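Report on the following structure.
Values quoted throughout were computed directly from the atomic coordinates according to the rules given, and no laboratory measurement underlies them. Model, not experiment: these values are computed from the prediction. Cβ atoms come from the backbone with ideal geometry, glycine included; neighbour counts cover every protein chain shown.
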Protein chains: 2
Amino acid sequence: MELQLQIKMNEKLFVRNPEQTELGRKIIQFSIQLIYENGFEAFTFKKLAEVIGSTEAGIYRYFENKHRLLIYLTAWYWSWLEFRVTFHLNNISDPSIKLKKLIQLLAANVIDDDSTIYVNESILHQIIIAEGSKAYLTKHVSDDNKDRLFKPYKDLCSLIAGIILEYNPHYTHPRSLASTIIEMAHLQVFFMNHLPSLTDFGESRDEQLVVEYLEDLVFCSIRK
Amino acid sequence: MELQLQIKMNEKLFVRNPEQTELGRKIIQFSIQLIYENGFEAFTFKKLAEVIGSTEAGIYRYFENKHRLLIYLTAWYWSWLEFRVTFHLNNISDPSIKLKKLIQLLAANVIDDDSTIYVNESILHQIIIAEGSKAYLTKHVSDDNKDRLFKPYKDLCSLIAGIILEYNPHYTHPRSLASTIIEMAHLQVFFMNHLPSLTDFGESRDEQLVVEYLEDLVFCSIRK
DNA sequence: TAAATTAGATAGTAATACTATCATTTGATA
DNA sequence: TATCAAATGATAGTATTACTATCTAATTTA
């Protein structure tokens, strides 16, 4: 069985839908590659155009600017992750097992899953760790939020908050704890790799240690 | 008694020490103002130079580029905060009271304290919330880290980790919890103000709710 | 076959992120 | 008070970035 995953993206994220054309898909594929290699600051549409054998103007037909492209990539990632989470938690009724699986999915290294040929999910995961928060840390967050650009992130957060409440309906901060889990699943991995003294994982580079930390944090907090 | 607080900054943070000249102090003062008003991305040395009646080249004599200036401001902030924390926790022996005061100092709105004329700590605090993580979320974190540019952040983290261990010497993740507290004290406030559905604080804009959330998170985790 | 969509090629502009040079002011020192 | 060095200001210039505009060629679709 070969299935291609298609994620329906908010129209405001792009000028022209990149998933519907060859060039569009190349933009997604190679922007992920380039941002991963050079970082978001050094990434330009010109460099991207050169790599994919197109022109700057060509890229601008799909995305207003590189920041919008970053928001697109993050939105895609969160949608994909929500799908993945939903899929993996299917048929599990015990909320504590759900939460454990969830933390695993958030913090553990992703293996490119071939469900989309032009998105390397493993590399995209790395990008989201290092660049993801730049999508919303801007002067125009509120405007972007009005355009619902962060809906996938918020949906995932809601999903997690729901499971937390399943586990303990009296817990008072399900959403804040959910966003804490999401953010820390990424940031503790980043710290482990680049600023290890901000963590207790040394230079191990072992994401399972982050998983253990988060499990402890979460289950202590929501214990009935 | 009028005291001027002088924070000794790492020499690698600047080209020429901005605290020692009038122009340097103006750069600090007005860069804080401009980054606050326009966001870090829209902030340029040219605009800064115009505001303080100097020239672009003049600013470059103090800071290599705007990213270094951001690192300088964050380093200054963390040093100042560590001093503040040390000061406020002085003579307190009960580590649980220490932790509560600490969370309060991290998450609550700062009032400009006049201990430094050219730094508006209240606005700087706002900047660190929205822009602070951009200081380390780069391709060259590790190089910057080798130059010890993030030492003040790490020192504060160590301080907090120490208090956590005072409270419970057997807690396994004092550093990760410390960096989680620091990051979340800022991020939950940002979310509360701009993406409220990622929190449980609604549009209240009341930082005390963030304080309560963090206290709950921390004390549940480190309970003996 | 005509019409529309998509892409490529080229050009151009304003702003950004710097670097270099030289003259002037200021302030410390002898 | 003369002198020297440090700090600043003024000006100019470059490469790159972040776009916008226009025109043509190729491809698809009706």
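Quick notes on this one:
- Temperature 37 °C, viscosity 0.692 mPa s: under these conditions the Stokes-Einstein estimate for the protein assembly as shown, based on its Kirkwood radius over C-alpha pairs, is 142 µm² per second.
- Theoretical FRET efficiency, 1/(1+(r/R0)^6), r = Cβ-Cβ of A:K47 and A:N109, R0 25 Å, to 0.05: 0.40
- Qualifying trypsin sites (Lys or Arg not before Pro) in the range A:1-76, where qualification requires a DSSP coil assignment and no more than 15 other C-beta atoms within 10 Å, comprise A:K8, A:R16.
- Centroid-to-centroid separation of the range A:108-155 and the range B:67-119 [C-alpha atoms, Å]: 32 Å
- Solvent-free Debye scattering, log10 I(q)/I(0), computed from the Cα coordinates of the range B:120-163 at q = 0.16, 0.19 Å⁻¹: -0.55, -0.74
- For the pair B:I92 and A:A57, label points projected 7 Å from Cα toward Cβ lie 6.3 nm apart.
- In terms of its Cα atoms, the range A:115-224 spans 39, 37, 34 Å along the principal axes, sorted from long to short.
- Once the mean of 1/r is taken over each pair of separate Cα atoms and inverted, the range A:11-222 shows a Kirkwood hydrodynamic radius of 18.2 Å.
- Estimated from the Cβ-Cβ distance and a Förster radius of 22 angstrom, the FRET efficiency linking B:K151 and B:V15 is about 0.70.
- Here the protein assembly as shown is treated with +1 on each Lys and Arg Cβ and -1 on each Asp and Glu Cβ, and its dipole about the Cα centre works out to around 360 debye.
- The calculated FRET efficiency for the pair A:E64 and A:Q208, based on their C-beta separation and a Förster distance of 35 Å, comes to about 0.30.
- Alpha carbon convex hull of the range A:103-142, volume per residue in cubic angstrom: 102 Å³
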